[in-house]
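In what follows, a single structure is set out as structure tokens and then discussed.
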Amino acid sequence: MRIILLGPAGSGKGTQGELIERHYGFPRISTGDLLRLEVQKGTELGKMVADVMKSGQLVADELVLRLIKDRIIDPDCQAGYVLDGYPRTLNQARLLEQMEDNRQETVLEIYVSEEAVMERLAGRRVCPECGAVYNIKNNKQTIEGRCPVCGAVLTVRDDDRPEVIRERFRIYRETIGALLEHYIKKQVLFRVDGNRTVEEVFGSIKSILDERITGSQGESSRP
């Protein structure tokens, strides 16, 4: 199964993707993580996308698709995988379907308000040493702004700056309409209220996936 998580930055896609991976065994594939790794390694691709990511704009479709294609051919993806952050546009969805058109698909849109997104991302911090991600507003372990795992000083990602967050939210709202319509027509889109607790959101997601995996279509959850 191919599980696609849609939602703006700060909607909780990463957290829910990790919970899905832990519960079902489907690896979570984050395009943002893949791109940031390329930037960190200083590869040719990383150099091409660094400035684009800092501004909050979308990376070119062909570049993202290259990363996705290389990842989903790995053995751990054969039974299924979770895409976090891809596709973001209708063109990307069509490219993905052309590349691998024999997967059952379940698309989960986690919708949240702009206010909730701003509040969540304002507290997000990243460890530059071990890569761990925390929210200083609800994680008591991050004492004095340091990573509880390795002790490094936590930092704010360039794409978590307020002006970039607002730009990313605006782009998401402007570009998501056609993609949602595409998945509605395919009858694979399910909407989940992301303004609730992590546990409540995952409870809704789990109900949908359990029905999909066992062959039930779960009509009541569709838009």
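The values are calculated or read from the model by the stated rules, or taken from the named source; none is laboratory data. Predicted model only: the values in this text are computed from it and were never measured. Using ideal geometry, Cβ is built from the backbone for each residue, glycine included, and neighbour counts are taken over all protein chains shown.
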- Message: I'm checking my understanding of the structure. Among residues of segment 184-203 that are under 17 Å from the mean Cα position of the chain (by Cα) and of a type outside the set (V, I, T), which one is farthest from T15 (Cα to Cα)?
- Response: L189
- Within the set of pairs 6 or more residues apart or between chains, which connect a residue that is on the phi < 0 side of the Ramachandran plot inside segment 39-54 to a residue that is among the polar types (S, T, N, Q) and part of a helix (DSSP H, G or I) with Cβ atoms less than 8 Å apart? G46/Q40
- Considering only segment 184-201, state which residues are under 28 Å from L90 (Cβ atoms), part of a helix (DSSP H, G or I) and of a type outside the set (D, E, K, R). I184, V201
- Search segment 22-33 for residues being crowded, with 19+ Cβ neighbours inside 10 Å and of a type outside the set (V, I, T), and hand back the single one that is farthest from R120 (Cα to Cα). F26
- Item | strands (runs of 3 or more DSSP E) wholly inside segment 65-178 that include at least 1 residues being surrounded by 14 or more Cβ atoms within 10 Å (Cβ to Cβ) and either acidic (D, E) or in contact with a His (Cβ under 9 Å, 6 or more places away or on another chain) (or both) | 81-84, 105-111
- Is there a residue in segment 131-151 that is touching a residue at least 40 places away in the same chain (Cβ under 8 Å) and either over 18 Å from G32 (Cβ atoms) or not small (G, A, S) (or both)? yes
- Could you check E21 against (1) of a type outside the set (A, V, I, L, M, F, W, C); (2) at pLDDT below 90; (3) in a helix (DSSP H, G or I) and say which number it fails? (2)
- Message: I need the full set of residues from segment 179-193 which are touching an Asp or Glu at 6+ places or on another chain (Cβ under 9 Å), of a type outside the set (A, V, I, L, M, F, W, C) and either closer than 25 Å to G131 by Cα or surrounded by 15 or more Cβ atoms within 10 Å (Cβ to Cβ) (or both), in order please.
- Response: Y183, R191
- Which of (1) farther than 30 Å from D101 by Cβ; (2) at pLDDT 80 or above; (3) hydroxyl-bearing (S, T, Y) is the odd one out, the single condition T142 does not satisfy? (2)
- Query: Do we have any residue at all in segment 17-27 that's touching a residue at least 60 places away in the same chain (Cβ under 8 Å) and within 24 Å of A178 (Cα to Cα)?
  - Reply: yes
